[in-house]
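S.K.: Would you mind keeping the following structure in view while I ask a few things?
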Amino acid sequence: MDELEAYSFKYRETLPVGLKEETNQYEYRKFAFSDEIVEEAKQTVFQVQGKNIIFY
């Protein structure tokens, strides 16, 4: 089995992360949830019970 075929899912969603002060409307950012291998992360990666967790 090819390494790329081993991935089982990738989920993407745009979520509100804050409010614009001048308009009181949401600010949105794109998020992804997957079991793919991460080669580089610019945020701190926490390892908890064998899982990697990143907070944005």
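The values are calculated or read from the model by the stated rules, or taken from the named source; none is laboratory data. Quantities reported herein were computed from a predicted structural model and do not represent experimental measurements. Cβ placement follows ideal geometry from the backbone for every residue including glycine, while neighbour counts extend to all protein chains displayed. For accessibility, only protein heavy atoms count, side chains too; no ligands or nucleic acids. Shrake-Rupley method; radii C 1.70, N 1.55, O 1.52, S 1.80 Å.
S.K.: Tell me the per residue accessible area of the chain using a 1.4 Å probe; a whole number in Å² is fine.
M.R.: I get 105 Å² per residue for this part.
S.K.: How far is it, in nm, from the label point at Lys20 to the one at Gln47 when both lie 7 Å from their Cα along the line to the Cβ?
M.R.: It works out to 4.2 nm between the two label points.
S.K.: Just for the Cα atoms in the chain, what are the lengths along the principal axes, largest first, rounded to whole Å?
M.R.: Principal axes ranked by extent give 52, 23, 19 Å for the Cα atoms.
S.K.: What residue among Phe46, Leu15, Phe33 has its Cα farthest toward the positive end of the dipole of the chain, where the charges are +1 on Lys, Arg and -1 on Asp, Glu, each on the Cβ?
M.R.: Sorting the options by dipole projection puts first Leu15.
S.K.: Rounded to a whole number, what % of the accessible area of the chain do carbon and sulfur atoms account for, probe 1.4 Å?
M.R.: 49 percent
S.K.: Moving to a separate point now. Report, ordered by chain and residue number, the lysines lying within cross-link reach of Lys20, taken as a straight Cα distance under 20 Å and ignoring same-chain residues fewer than 8 apart.
M.R.: Lys30
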